[in-house]
Amino acid sequence: MDPVRTCVGCRARASRSALLRVVHTESRLVVDDGGSMPGRGAWVHPQRSCVELALQRRAFVRALRVPGPLDTQTLEERLNSYGNQVNGSK
């Protein structure tokens, strides 16, 4: 049985394999593909709507317990590449 986590964007519960783990490194959000990076992690669906909702609600800042804003460029680039892979384009 796969562990269940809660998406910080839509607040829906899903299996760990259906979500992306995001950690903060040097004030920027980084996707943790292996699920083994140190520190607190936040879980989010790999969909733009969930990520935008989490950013709007400042859910990453609360879940990761960091003061101040976080750089989301790395996360956004990852979502763009993930969307391209799903759609079949390059």
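The values are calculated or read from the model by the stated rules, or taken from the named source; none is laboratory data. Model, not experiment: these values are computed from the prediction. Ideal geometry is used to build each Cβ from the backbone, glycine not excepted, and the neighbour counts take in all protein chains shown. These accessible areas exclude ligands, DNA and RNA; they are computed on the full protein's heavy atoms, side chains included. Shrake-Rupley method; radii C 1.70, N 1.55, O 1.52, S 1.80 Å.
Using 7 Å Cα-to-Cβ label points, what is the residue 52/residue 2 separation (nm, one decimal)?
About 2.5 nm, to one decimal.
Hey, any idea what Rg/Rh is for the chain, computing Rh the Kirkwood way over Cα pairs?
A ratio of 0.95.
By accessible area of protein heavy atoms, probe 1.4 Å, what ranking do 53, 75 get, highest first?
Largest accessible area first, the list is 53, 75.
Assign unit charges at the C-beta atoms only (+1 for Lys and Arg, -1 for Asp and Glu), then state the dipole size of the chain relative to its Cα centre in Debye, rounded to the nearest 20.
380
Quickly work out the residue 66-to-residue 13 label distance, labels modelled 7 Å from Cα along the C-beta direction, and quote it in nm with one decimal.
Here the modelled spin labels are 2.8 nm apart.
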